[in-house]
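Beneath this line is the structure, given in structure tokens, with notes to follow.
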Amino acid sequence: MVHPQNEDYWGNVNPIGPRGVYDEAKRFQEAITMAYHTYHKLETRIVRIFNTYGPRMRLNDGRALPAFVGQALRGEDITVFGDGSQTRSFCYVDDLIEGIYRLLMSDYVYPVNIGNPVEITIKQFAEEIIKLTGTNQKIVYKPLPQDDPKQRKPDITRAKEILNWEPKVERAEGLKRTYEYFKTLTPDELYKNAHGRFS
Ligand code: UDP
């Protein structure tokens, strides 16, 4: 593994693991996009999107942020997988969209990382959400899913150089805006399909 991850990384993934289809699909998209570009001369772009969050995430899609906020709002324990020492780097959606738009408007055909390089452990992230929601929920530890990456952080040097882009929204602000959205959900929405893919 390469950390932080730059665009030269080819992706060392387990093809037959539980995430195999997902991982290989991402690699195949890049392969076919580049083939269309070189063979058919199509104008193409390849964006490598890292963890992203913001308003209108689906509450039950299994990702950490909606899972934690949903649990906090329902008065449940916060489920951290493993010991919570794994890291992620979360990008606010408006920053991501701006980066994708700039890439689209450029003429750069190779992969470009778009993500926020500020890294945080999942345990810290859970604690931030407990604080943000003011709910005092307890953290409970559950088994770590197989092939869960230990660290993830984009190297965004290329995006800075080529697109003059970098994230602007700090996590505290992004989380506040996201929480404002989750607070508008009705009890029905909050409890319907409350449990995500890992429950
Ligand atoms: N995670 C967790 N509790 C949850 C959901 C996710 O501890 O209820 C962990 C998950 O194991 C991973 C991290 O949070 O280490 C980020 O997971 P997410 O699904 O949001 O993103 P991805 O795994 O695609 O980076």
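So who's got an amide H within less than 5 Å of the one on residue 139, skipping anything under 5 residues away but keeping other chains? H placed 1.01 Å off N, in plane.
It is 78, by chain and number.
Kindly provide the Kirkwood hydrodynamic radius of region 1-82 in Å, to one decimal, from all pairs of distinct alpha carbon atoms. If you can, show how the numbers build up before the last one.
Working: mean 1/r = 0.0627 Å⁻¹.
Hydrodynamic radius (Kirkwood, Cα pairs) of region 1-82 is 15.9 Å.
Which whole-number percent gives the relative contact order of the chain, counting Cα pairs below 8 Å spaced six or more residues apart? Kindly include the intermediate steps, with their values, before the conclusion.
Values: 309 pairs, mean separation 62.8, N = 199.
Dividing the mean separation by the residue count of the chain yields 32 percent.
Among all the lysines, which ones have a C-alpha under 29 Å from residue 160's C-alpha, if same-chain residues fewer than 8 places away are not counted?
26, 41, 150, 168, 176
Just the Kirkwood number for the chain, please: inverse of mean 1/r across all distinct Cα pairs, in Å, one decimal.
Working: mean 1/r = 0.0550 Å⁻¹.
Hydrodynamic radius (Kirkwood, Cα only) of the chain equals 18.2 Å.
Rounded to the nearest 20 debye, what is the charge dipole size of region 52-176 about its Cα centre when +1 sits on each Lys and Arg Cβ and -1 on each Asp and Glu Cβ? Working shown, then result.
On the way: 18 positive and 18 negative charges, 53 e Å.
Here region 52-176 has a charge dipole of around 260 debye.
For region 54-167, just the Cα set please: Rg and Dmax, both in angstrom.
According to the Cα coordinates of region 54-167, Rg and Dmax are 16.2, 49 Å.
Rule-based calculations on the coordinates, nothing more; no lab input. Please read all numbers here as calculations on a predicted model, not as lab measurements. Every residue, glycine among them, receives a Cβ derived from its backbone with ideal geometry; neighbour counts consider all protein chains shown.
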